Ligand SMILES: C[S@@+](CC[C@H](N)C(=O)[O-])C[C@H]1O[C@@H](n2cnc3c(N)ncnc32)[C@H](O)[C@@H]1O
């Protein structure tokens, strides 16, 4: 089989699997923009990271499934700011920002939207593009985790909560140690909607404390 046909067969297989996926079907039924919504729902049900009236920053929010779930938990008096490097179709009650979180100007851009409000929760489902080369993909994931952790440290207020997507072996030791020392509790969690064949999992940090200056 030629490379072209092999690629076509692979994407057809992916599409058939996607169509059969119970979380895809459920998302259509419940009106969520993505099956990823059920990952955040699972995290929220176990750890209660989002509270009523919270200010939530959603990193890597497109197409918006997590933001929709976050909105249900904050209620209409909360504030959700969704950030993605690709534009997001407007979502009712959600402020969106097109930005790359590795951009040095990102914190300034989001601070303009926050206008001094304390962030209570940061959620991140950021996954960098992969190229299928294990070492390169691991480095990309490690860099993304570092960017997310930097954003958490700069944006999240004391006693806030966070969750971020990681992959096994992609969290560098100094970052894991810093996360541990700056939270009351730090736990890995694999939501039911996360494919068992995928090495992705989520770290959930509760009771964050900013580092002393
Ligand atoms: C798995 S999707 C998020 C799905 C989302 N949680 C939902 O429920 O709809 C990951 C997103 O991360 C975004 N992303 C990856 N790297 C990024 C970066 N450096 N800055 C901003 N967004 C990024 C991608 O564009 C993509 O939309």
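The values are calculated or read from the model by the stated rules, or taken from the named source; none is laboratory data. None of these values were measured; they are calculated from a predicted model. Cβ placement follows ideal geometry from the backbone for every residue including glycine, while neighbour counts extend to all protein chains displayed.
From the list 21, 30, 54, the lone residue that is surrounded by fewer than 20 Cβ atoms within 10 Å (Cβ to Cβ) and in contact with a helix residue (DSSP H, G or I) (Cβ under 8 Å, 6 or more places away or on another chain) is 30. Every test in (1) over 13 Å from the mean Cα position of the chain (by Cα); (2) within 13 Å of the ligand (Cβ to nearest atom); (3) over 27 Å from residue 71 (Cβ atoms) is passed by residue 180 save one, and that test is (2).
The residue that is surrounded by the most Cβ atoms within 10 Å (Cβ to Cβ), among those in the range 92-102 that are within 10 Å of the ligand (Cβ to nearest atom) and under 18 Å from residue 55 (Cβ atoms), is 101. The helices (runs of 4 or more DSSP H) falling completely within the range 4-82 that include 1 or more residues that are away from the ligand (no atom under 14 Å from the Cβ) and within 30 Å of residue 158 (Cβ to Cβ) map to 37-47, 65-74. Against the numbered list (1) modelled with pLDDT under 95; (2) in contact with a helix residue (DSSP H, G or I) (Cβ under 8 Å, 6 or more places away or on another chain), residue 139 comes up short only at (2). I'm trying to understand the selection: among the residues of the range 112-138, which are more than 15 Å from the ligand (Cβ to nearest atom), in a loop (DSSP other than H, G, I, E, B) and surrounded by fewer than 11 Cβ atoms within 10 Å (Cβ to Cβ)? Across the range 112-138, the qualifying residues are 115, 116, 132, 133. Filtered by the rule that a residue be closer than 30 Å to residue 22 by Cα and in a loop (DSSP other than H, G, I, E, B), the range 172-202 gives 190, 191, 192, 193, 194, 195, 196, 197, 198, 199.
Can you report the number of residues in the range 83-111 which are in contact with a strand residue (DSSP E or B) (Cβ under 9 Å, 6 or more places away or on another chain) and part of a helix (DSSP H, G or I)? Residues meeting the conditions: 3.
Looking only at residues of the range 157-172 that are within 16 Å of the ligand (Cβ to nearest atom) and in contact with a helix residue (DSSP H, G or I) (Cβ under 7 Å, 6 or more places away or on another chain), we find that the one that is modelled with the lowest pLDDT is 170. Among the residues making up the range 166-213, those that are closer than 17 Å to residue 49 by Cβ, touching a residue at least 60 places away in the same chain (Cβ under 8 Å) and surrounded by 15 or more Cβ atoms within 10 Å (Cβ to Cβ) are 189, 191, 193, 194, 202, 204, 206.
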